[in-house]
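Asks: Take a look at this one; I'll ask things after.
The values are calculated or read from the model by the stated rules, or taken from the named source; none is laboratory data. It should be emphasised that the depicted structure is a prediction, and the values quoted were computed from it without experimental measurement. Glycine also receives a Cβ, built like all others from the backbone with ideal geometry; neighbour counts cover every protein chain displayed. Heavy atoms of the whole protein, side chains included, go into the accessibility calculation; ligands, DNA and RNA do not. Shrake-Rupley method; radii C 1.70, N 1.55, O 1.52, S 1.80 Å.
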Protein chains: 4
Amino acid sequence: MKIIIESDFGSMSETAKNILLGHMTEAKRVNLSITGGNTPVKVYEKMVTAVKDSPNYDNVHYYNFDEIPVEGQKEGITISDLRRLYLTPAGISEENIHPLTPENYAEQDVSLEAVGGLDAMLIGLGKDGHFCGNMPGTTAFNKLTYKVTVTGEESWFVPEMMEKGMSFVTMGPVSVMRVKHLILIVNGSEKAEMVRRVLTGPVSEDVPASILQLHPNLTVILDKEAAAALDK
Amino acid sequence: MKIIIESDFGSMSETAKNILLGHMTEAKRVNLSITGGNTPVKVYEKMVTAVKDSPNYDNVHYYNFDEIPVEGQKEGITISDLRRLYLTPAGISEENIHPLTPENYAEQDVSLEAVGGLDAMLIGLGKDGHFCGNMPGTTAFNKLTYKVTVTGEESWFVPEMMEKGMSFVTMGPVSVMRVKHLILIVNGSEKAEMVRRVLTGPVSEDVPASILQLHPNLTVILDKEAAAALDK
Amino acid sequence: MKIIIESDFGSMSETAKNILLGHMTEAKRVNLSITGGNTPVKVYEKMVTAVKDSPNYDNVHYYNFDEIPVEGQKEGITISDLRRLYLTPAGISEENIHPLTPENYAEQDVSLEAVGGLDAMLIGLGKDGHFCGNMPGTTAFNKLTYKVTVTGEESWFVPEMMEKGMSFVTMGPVSVMRVKHLILIVNGSEKAEMVRRVLTGPVSEDVPASILQLHPNLTVILDKEAAAALDK
Amino acid sequence: MKIIIESDFGSMSETAKNILLGHMTEAKRVNLSITGGNTPVKVYEKMVTAVKDSPNYDNVHYYNFDEIPVEGQKEGITISDLRRLYLTPAGISEENIHPLTPENYAEQDVSLEAVGGLDAMLIGLGKDGHFCGNMPGTTAFNKLTYKVTVTGEESWFVPEMMEKGMSFVTMGPVSVMRVKHLILIVNGSEKAEMVRRVLTGPVSEDVPASILQLHPNLTVILDKEAAAALDK
């Protein structure tokens, strides 16, 4: 594991962008899996500047690693997020976008193997220790890509925002361990204690992201606040 | 994970030997970590035939992944075993042998990184689910190479064979996950149930080898008997 | 470059088989490109024994690297050769066989990139220094997969066997340099002098295989006779 | 080969810096070989900003790929250049700096293999088609690291600047082909024609850099002017 501590959100985003561009400039098909949410917003802003209208990055293919379908909508929350934040403003061609969906999730691991695997994955960390859709209480470490149906008993169930019986799909811990380079970005003091647990505490399904300690090529980029609980 | 089921001990050993020779013939420095014990006996017999007195394999360096020191003996049980079974009959030059010892274990992970990491590791499986020296009750998944001091309370403590206060060193789960190709060999019906648990059951520190399910490049070679409890 | 000198044709074939099986046992999709001709006959005999009727090698995909179409025949000389020597007796499933043809050659490099590239390629050496279909007089080192139309002026033109205007396709030097592991097998005293030129002489398009000296992971397996002109 | 065309020298430098930082952030020992000269000046300015006083990049080791000794000076021109432009202002620790010298050049390829090889190399292009110290008239494609003694007959001999009998050392074409990722940066219209020849012309020792067309992972970063002679 390599931990990079940056002074602030901007520097964290700059470094994450550089790592991704580093992969994207290799002379081969490059398969990237990238995260939605708030943490990467500035990463994508910076990437759009580099990639927009450029023929230089036609070799890069994009995958999402989890998806929450929305009734009555053609596409789910994650890929919609990625389109809005990055894929559309960067002008990524549709044939380079490979959405994970509730329909195709069971073939996701085989599909990825058939294109040579994922070169890099950008992920965030939940305050509750989740990564991708691997949530406390519904994660088993020996899972490939899988589907979760929400029962309402989960610690993270929010009645106003979720419905019992809804479901989502996510790449599992085994799938994520196959990625050649894992880039975890975390910012903000409210996640500092979870960063400490995830990076230095016991490896346990109760703290799903703790499994990432076992990845052979994990780069963690933190701002100072997220790093505050780590030993110096 | 790739599971290869062979008809018997001989075929299992033949296939394991082929995989190792496959690595050893690459045009680069090749770093191998290999196991002692009874399971690989025939693998080494076959390898000796191929390697003995051959200048073809000077590029291969050997590491042991655990060690039990013996009082009054210059070298421990594992490396002595490896010398007897393989290194000496194969005529491996001393400068290609890199013993792990109680004295140097704390530098093992850094030393391995400095030579480009381990290309392959051959391991066996204990009936109690251990791999390398990662034993039930003394294994934490987030360990690099570490030292265990025996208390006598361990489930695997055998008073006739062990002494309280004795200690051994082993590469930990994090170290093993860094190996580029992991080859697990298991034979015999008495390990069949543990093979099933390790390869298909929950990932738990109580069954240390269950973590191997998460390795991105694990080849398991079983004889029919060891594979008997797996679903067909 | 790593040179392995074996005592005879049988040992050369055994070692080549081991290297290929080493790749085939990795826990991923494995893309192999293999050669027709006489040199690999015993390699394939041995591989058939290991692979036949085995579900263990479903992850391996096969490619030919050159092809000579035959009028009135559905398939060309190389793939027909490979079917007879290996693919059919080994019971390889049709969906794991990817013939290169005069129709699809222009897409070959892109197709290979889309599946993660070739993991290994087994090649032979011509007495005239050719490799794959890269012949003296028609080879440019900067070629991807390409088509050659025979003029009758070539040094290797044999009027009884060839017709002016016939054509063949072959992966070019650039394509071959992209293969992760290159395995060159050569036997027999009549190729000894060419082995010396190819492995130690100047790099020149007149001796197409001389370019292989620049491959970062080339394993050469020779019998004693083919190695006779090399310095000891 | 992947060609990236940037609008100007600044953007070219920015992209090159990103690629290098991408490598440097991997969770492993990273071995970089970097170039002196004028082309990378801005790359290093930008890298100094990211790396200076940062504990984040202790895993990166630096190598130079050629060296011209200077009489009466402890260190040669290239490493002195690199110290001035990057290593000193970035505060790189002496133990991470591995100078190539006329004294150690014969062991350079073995030394690099022993640390796992070079992960990336940043190189420039000479107007005469040279790369590293591989000059027209003194380059053989089948060379590892070697020494050149200047005769005064070379096309690039400049009497005011060089002396007959002086010598320099350089990694050769075979050494450079072993680098996992090659990054070639070129700017300015005066090199545009040579860029065209090197990237699209015949592969010939008269234009040493033409061999780079055969590298399996070459990224070329050009400003618009250097790209002007390439077909659109």
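Asks: Within region D:153-164, is even one residue facing chain C (nearest Cβ under 10 Å) and either open to solvent by 50 Å² or more (accessible area, probe 1.4 Å) or part of a loop (DSSP other than H, G, I, E, B) (or both)?
Replies: Looking only at region D:153-164, we keep the residues that are facing chain C (nearest Cβ under 10 Å), and these are none.
For region D:153-164, residues facing chain C (nearest Cβ under 10 Å) and either open to solvent by 50 Å² or more (accessible area, probe 1.4 Å) or part of a loop (DSSP other than H, G, I, E, B) (or both): absent.
Asks: State all residues of region D:125-139 that are of a type outside the set (S, T, Y), closer than 22 Å to D:D109 by Cα and open to solvent by 30 Å² or more (accessible area, probe 1.4 Å); if no residue qualifies, say none.
Replies: D:H130
Asks: Give me a count of the residues in region C:4-56 that are at the interface with chain B (Cβ under 8 Å from one of its Cβ atoms), under 17 Å from the mean Cα position of the chain (by Cα) and not hydroxyl-bearing (S, T, Y).
Replies: 6
Asks: Among residues belonging to region D:201-211 that are outside any loop (DSSP other than H, G, I, E, B) and within 8 Å of chain C (Cβ to nearest Cβ), point out the one that is surrounded by the fewest Cβ atoms within 10 Å (Cβ to Cβ). Before the answer, list the steps.
Replies: In the first step, residues of region D:201-211 are kept if they are outside any loop (DSSP other than H, G, I, E, B); the result is D:204, D:207-211.
Imposing the further condition that a residue be within 8 Å of chain C (Cβ to nearest Cβ) reduces the set to D:210-211.
On the way: D:S210: 23, D:I211: 25.
Per the stated criteria, the residue is D:S210.
Asks: Within region D:165-177, take every residue that is over 17 Å from D:I77 (Cα atoms) and of a type in the set (A, V, I, L, M) and give me the one that is surrounded by the most Cβ atoms within 10 Å (Cβ to Cβ).
Replies: Out of the qualifying residues, it is D:V176.
Asks: Right, here's the next one. So B:K147 clears everything in (1) open to solvent by 50 Å² or more (accessible area, probe 1.4 Å); (2) within 14 Å of chain D (Cβ to nearest Cβ); (3) outside any loop (DSSP other than H, G, I, E, B) except one condition, right? Which one?
Replies: B:K147 satisfies every listed condition except (2).
Asks: Oh, and also: Yes or no: region B:99-108 includes at least one residue that is over 23 Å from D:G116 (Cα atoms) and either within 14 Å of chain C (Cβ to nearest Cβ) or open to solvent by 60 Å² or more (accessible area, probe 1.4 Å) (or both).
Replies: yes
Asks: Let me ask another. Does C:V198 meet the test of being within 14 Å of chain D (Cβ to nearest Cβ), open to solvent by less than 50 Å² (accessible area, probe 1.4 Å), within 22 Å of C:Y105 (Cα to Cα) and part of a helix (DSSP H, G or I)?
Replies: Working: within 14 Å of chain D (Cβ to nearest Cβ): yes; open to solvent by less than 50 Å² (accessible area, probe 1.4 Å): yes; within 22 Å of C:Y105 (Cα to Cα): no; part of a helix (DSSP H, G or I): yes.
Taking the combined requirement at face value, the residue does not satisfy it.
Asks: Given the criterion under 30 Å from D:T25 (Cα atoms), part of a strand (DSSP E or B) and within 14 Å of another protein chain (Cβ to nearest Cβ), identify the matching residue among A:L122, A:L118.
Replies: Values: A:L118 fails: part of a strand (DSSP E or B).
Step by step, each of A:L122, A:L118 is checked, and only A:L122 is under 30 Å from D:T25 (Cα atoms), part of a strand (DSSP E or B) and within 14 Å of another protein chain (Cβ to nearest Cβ).
Asks: Just need a number here: residues in region D:134-143 that are more than 10 Å from chain C (Cβ to nearest Cβ) and part of a loop (DSSP other than H, G, I, E, B). Break it down into steps so the answer makes sense when it comes.
Replies: Initial filter on region D:134-143 (more than 10 Å from chain C (Cβ to nearest Cβ)): D:134-139.
Checking which are part of a loop (DSSP other than H, G, I, E, B) leaves us with D:135-139.
So the count comes out to 5.
Asks: In region D:27-44, which residues are open to solvent by 10 Å² or more (accessible area, probe 1.4 Å) and small (G, A, S)?
Replies: Within region D:27-44, the subset open to solvent by 10 Å² or more (accessible area, probe 1.4 Å) is D:27-29, D:35-39, D:41-42.
Within region D:27-44, D:A27, D:G36, D:G37 qualify.
Asks: Return the only residue of D:L214, D:L218 being closer than 17 Å to C:R178 by Cα, facing another protein chain (nearest Cβ under 10 Å) and in contact with a strand residue (DSSP E or B) (Cβ under 9 Å, 6 or more places away or on another chain).
Replies: Numbers: D:L214 fails: in contact with a strand residue (DSSP E or B) (Cβ under 9 Å, 6 or more places away or on another chain).
None of the other options fit; the residue is D:L218.
Asks: Here's a follow-up. Name, by its number, the condition in (1) over 19 Å from C:P208 (Cβ atoms); (2) among the hydroxyl-bearing types (S, T, Y); (3) in contact (Cβ under 8 Å) with a residue 40 or more places away in the chain that does not hold for C:S80.
Replies: It fails just one condition, (3).
Asks: Determine whether A:G22 is in contact with a helix residue (DSSP H, G or I) (Cβ under 6 Å, 6 or more places away or on another chain), under 30 Å from A:M166 (Cβ atoms) and not polar (S, T, N, Q). Please lay out each step first, then the result.
Replies: Working: in contact with a helix residue (DSSP H, G or I) (Cβ under 6 Å, 6 or more places away or on another chain): yes; under 30 Å from A:M166 (Cβ atoms): no; not polar (S, T, N, Q): yes.
Considered against the rule, which asks whether it is in contact with a helix residue (DSSP H, G or I) (Cβ under 6 Å, 6 or more places away or on another chain), under 30 Å from A:M166 (Cβ atoms) and not polar (S, T, N, Q), A:G22 comes out as no.
Asks: Take the residues of region D:182-195 that are in a helix (DSSP H, G or I) and surrounded by 23 or more Cβ atoms within 10 Å (Cβ to Cβ): which is farthest from the other protein chains (Cβ to nearest Cβ)?
Replies: Step one: of region D:182-195, the residues in a helix (DSSP H, G or I) are D:189-195.
Filter once more, keeping what is surrounded by 23 or more Cβ atoms within 10 Å (Cβ to Cβ): D:191, D:195.
On the way: D:K191: 19, D:V195: 15 Å.
Here the answer is D:K191.
Asks: Let me ask another. Say we look at region C:45-63 and pick out the residues that are surrounded by 19 or more Cβ atoms within 10 Å (Cβ to Cβ) and within 14 Å of C:E94 (Cα to Cα); which of these is modelled with the lowest pLDDT?
Replies: C:Y57
Asks: Read through the list (1) more than 28 Å from A:R196 (Cβ to Cβ); (2) part of a strand (DSSP E or B), then give the number of the only condition that A:F168 fails.
Replies: (1)
Asks: Every residue in region A:3-26 that is open to solvent by 20 Å² or more (accessible area, probe 1.4 Å) and touching a Ser or Thr at 6+ places or on another chain (Cβ under 7 Å), please. Working first, answer last.
Replies: So in region A:3-26, the residues open to solvent by 20 Å² or more (accessible area, probe 1.4 Å) come out as A:3, A:5-11, A:14, A:23, A:26.
Passing the criteria: A:E6, A:E26.
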